[in-house]
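The values are calculated or read from the model by the stated rules, or taken from the named source; none is laboratory data. Predicted model only: the values in this text are computed from it and were never measured. Heads up, the Cβs are rebuilt from the backbone with ideal geometry, glycines too, and the neighbour counts pull from every protein chain shown.
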Amino acid sequence: MKHLDEYRDPALILRQVEAIRATCTRRWTLMEVCGGQTHAILRHGLDELLADAVELIHGPGCPVCVTPAETLDQAVLLTRHPEVMLCTFGDMLRVPGALGDLNAARAAGGEVRVIYSPLDAVALAREHPEREVVLLAVGFETTAPAAAIAVLQAEALGLGNLSLLVSHSLVPPAMEALLVDPDNRIQGFLAAGHVCTVEGAAAYHAIAERFRVPIVVTGFEPVDLLAGIHACVEQLERGAARVENRYDRAAPDDGNAAARAAVSRVFEPVEREWRGMGRLPASGLGLRPEYARFDAVARFGLVTPEATGDGPCIAGEVLRGLRRPTDCPAFGRDCTPDTPLGAPMVSSEGACAAYLHYRGEA
Amino acid sequence: MTTDVVRLAHGGGGRMQAKLLDEVILPALGIPALAAPDAAVLDAPGGRLAMTTDSFVVRPLFFPGGDIGRLAVHGTINDLAMAGARPLWLTLGLILEEGLPLDDLRRVLASVQAAAEECGVRVVAGDTKVVEAGRGDGVYINTSGVGVVPEGVQITPGAIRPGDVLLASGDLGRHGVAILAARENLGLDPPIPSDSASVAGAVAALLAAGVPVRALRDPTRGGAIAALQELADASACRLVLEDAAIPVRNDVRGACEILGLDPLHSACEGRFLAAVPEHAAAQALRILRTRAETAGAVAIGRAEAGEPAVIRRLATGVERRVILPAGEQLPRIC
């Protein structure tokens, strides 16, 4: 913990806050893309410390939150196949879709296994040759390599009983979609450091240039976040708009080539539905034709259920940073972590959960 | 015994059951084999009695720093202590799963006996049932406890007043993380030991010294936050914790960081939180720090007038309201 304490040192935090305040000649609006950063900001009260200098709006970088309801409904349909063992990360269990959530599917007799790594699904497929193991593969650039490796391992092992329900998403297309939105207020981005540990910062250069927006690759501890914010407002103050890496202790500029190779061998960019943002071109990953036999949708003949509205939930606008969780009439009343109406209240990276947890305000 | 595991017949009320009682259970508890009556008849001391019951379904049965037997004694004793009571008697209800190795049962019973003896309480009544293999998790235990509340002692959450100091009797959140690490084979080296212990002696020492304790609460399931929220609601006070003062061991913090847990949501099984008037805080801490089980006692915050809430004041001065976790952070920890 000594290592972490350095990045949470209160005296250093207060000095950084002062430096940011001194830099700002006006109040700037920044978006932190990643839900992990949103939680750290709320947990350490950085939003409050910076309130008069910087408005932090919270981005769509919560993989559970942006997974479309249709994918969840497909997962629920899969659990109705008696031979299926559906493997997923724990956060997905309570996200409501039109057909209920996976917890309810489990209570109704479906088999849903919580896993910590996609490779756990490979192990389960080996242990249970009589079962059809389906991996619900969600997440951004960071989790796609492990899903790709799961496919490559299954191929090498000749496993015929593993398939994937793929809903991987890519961050840069979502950032572009936010910037072209006529309601956009984002003046600078804090880009998620861990996405860059895989992808590097290259993908951001085109966005920074095209939209004249500074993008600072930022970590997850308070001191990292404040360093990223400081760099971003410094750029804004002097009219710069470039990609800057303030998380180079963990995220090399060129990312991780081996991880990217595994991803591009198994997956290819596809159009993807984002909850709250609609269909975005080349914003997701799908299995390449050579690996189509691992596609659960085809294997089980899944029909995509009708999309349904989100009811009173304003998750879509929250995920685009247009409204705050506390703007939602249901926040903290009809929608709580016990009775979530939308994914951002469920996920450990969701903005609504962060507001309720750390500010406890309704 | 003819077998080395529990069998259904051990709960059948016949000779097998009598043998289990006479040869395993009663000797382990230091109770002479006798035709047990249906009820214990006890000489009640004068004054008010405190009574409580608790069931224990922890998995795994044995974990670093304790086991279900110790937990079943400490859990109930601590509940009595939180009412200011001196624990006197316990009952022991065992639900055994067919196939449980008798050696495991002996280990659990030896733990029950050792913990009861350390705490100066007697097991005065009990019951044993056996369920089919697959219908239990080895052993479930229920303990009920009776204690006596000393004259003049009036401890209740509603008694907290603005200005009172909140004390923690030691590091927080350890038991929950110890169980999680043991259950999920997290491979922490060295393993995090549970904090399972009786706090009745420490509470008695405070009361004997005349510390005017207002409220006591043991932060079990739901952790310190759940306990503090109850105290805040009952007393209609705003409870403000100084984040930097909250005692959490480095290994527990590290494990929580990796697992995405909050140590204040994680259970303790050998700790208590106390509210005392400001003038008595130093004396209370002095007394607690002379005892091994409460050597790490510290002040963690204070009660203020205001909307009932639990607030964490960060070292940067920012105040964050803290709320209860949605559900169980982790099931089956006690």
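Here are a few things to note about the model shown:
Yes or no, residue by residue, for (1) closer than 21 Å to B:ALA200 by Cβ; (2) among the basic types (Lys, Arg); (3) modelled with pLDDT of 95 or more:
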{"site": "B:GLY14", "(1), (2), (3)": "no, no, no"}
{"site": "B:ASP22", "(1), (2), (3)": "no, no, no"}
{"site": "B:LEU26", "(1), (2), (3)": "no, no, no"}
{"site": "B:LEU29", "(1), (2), (3)": "yes, no, no"}
{"site": "B:ALA50", "(1), (2), (3)": "yes, no, yes"}
{"site": "B:PHE56", "(1), (2), (3)": "yes, no, yes"}
{"site": "B:LEU105", "(1), (2), (3)": "no, no, yes"}
{"site": "B:ALA110", "(1), (2), (3)": "yes, no, yes"}
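- Test: residue in region B:225-237 that is touching a residue at least 12 places away in the same chain (Cβ under 8 Å), assigned to a loop (DSSP other than H, G, I, E, B) and at negative phi: yes
- Screening A:GLU349 with (1) more than 14 Å from chain B (Cβ to nearest Cβ); (2) modelled with pLDDT under 85; (3) buried (at least 20 other Cβ atoms within 10 Å of the Cβ) gives one miss only, at (1).
- When B:GLY65, B:GLY75 are checked against the criterion of being within 23 Å of B:VAL203 (Cα to Cα) and out of contact with any Cys (no Cβ under 9 Å at 6 or more places or on another chain), B:GLY65 stands alone in meeting it.
- Highlighted here are the helices (runs of 4 or more DSSP H) found entirely within region A:249-344 that include at least 2 residues which are over 26 Å from A:LEU56 (Cα atoms): A:257-266, A:296-299.
- Candidates in region A:102-133 are the residues that are of a type in the set (A, V, I, L, M) and farther than 21 Å from A:SER347 by Cβ; of these, the one that is surrounded by the most Cβ atoms within 10 Å (Cβ to Cβ) is A:VAL133.
- Identity of the residue in region A:17-32, of a type in the set (A, V, I, L, M, F, W, C) and farther than 15 Å from A:PRO214 by Cβ, that ends up surrounded by the most Cβ atoms within 10 Å (Cβ to Cβ): A:VAL17
- Failed item in (1) assigned to a helix (DSSP H, G or I); (2) in contact with a Cys (Cβ under 9 Å, 6 or more places away or on another chain), with B:LEU288 passing the rest: (2)
- Residue count for region A:176-197, restricted to those that are under 15 Å from A:GLN37 (Cβ atoms) and at pLDDT 95 or above: 4
- Test: B:MET82 is within 17 Å of the chain's Cα centre (by Cα), surrounded by fewer than 17 Cβ atoms within 10 Å (Cβ to Cβ) and either at pLDDT 95 or above or of a type in the set (A, V, I, L, M, F, W, C) (or both): no
- Consider region B:313-330 and keep the residues that are modelled with pLDDT under 95 and part of a strand (DSSP E or B). The one that is nearest to the other protein chains (Cβ to nearest Cβ) is B:ARG321.
- Those residues of region A:153-187 which are surrounded by 15 or more Cβ atoms within 10 Å (Cβ to Cβ), more than 19 Å from the chain's Cα centre (by Cα) and in contact (Cβ under 8 Å) with a residue 60 or more places away in the chain, in sequence order: A:ALA154, A:GLU155, A:LEU162, A:SER163, A:GLN187
- Residues (under 19 Å from A:PRO337 (Cα atoms) and within 14 Å of another protein chain (Cβ to nearest Cβ)) located in region A:51-92: A:CYS62, A:VAL64, A:PHE89, A:GLY90, A:ASP91
- The set of residues in region B:225-250 that are at pLDDT below 95 and closer than 19 Å to B:GLU293 by Cα contains only B:ASN250.
- Unique residue being closer than 30 Å to A:ALA292 by Cβ and in contact with a His (Cβ under 9 Å, 6 or more places away or on another chain) when the list is A:VAL263, A:VAL195, A:VAL243: A:VAL263
- Sole residue being farther than 30 Å from A:LEU12 by Cβ and either surrounded by fewer than 21 Cβ atoms within 10 Å (Cβ to Cβ) or touching a Ser or Thr at 6+ places or on another chain (Cβ under 7 Å) (or both), chosen from A:PHE140, A:PHE211: A:PHE211
- The number of residues in region B:124-145 that are farther than 16 Å from B:VAL57 by Cα and crowded, with 22+ Cβ neighbours inside 10 Å comes to 1.
- The residue that is farthest from the chain's Cα centre (by Cα), among those in region B:259-284 that are within 23 Å of B:VAL58 (Cα to Cα) and in a helix (DSSP H, G or I), is B:LEU259.
- From the list B:VAL248, B:VAL211, the one residue that fits, being in a loop (DSSP other than H, G, I, E, B), surrounded by 18 or more Cβ atoms within 10 Å (Cβ to Cβ) and away from chain A (no Cβ under 14 Å), is B:VAL211.
- Here A:VAL263 passes the criteria (1) touching a residue at least 60 places away in the same chain (Cβ under 8 Å); (2) loosely packed, with under 14 Cβ neighbours inside 10 Å except the one numbered (2).
- Of residues in region B:182-205 being out of contact with any helix residue (DSSP H, G or I) (no Cβ under 6 Å at 6 or more places or on another chain) and hydrophobic (A, V, I, L, M, F, W, C), the one farthest from B:SER111 (Cα to Cα): B:LEU186
- Selection of region A:1-50 for residues being small (Gly, Ala, Ser) and either in a loop (DSSP other than H, G, I, E, B) or within 11 Å of chain B (Cβ to nearest Cβ) (or both) yields A:ALA11, A:GLY36, A:GLY45.
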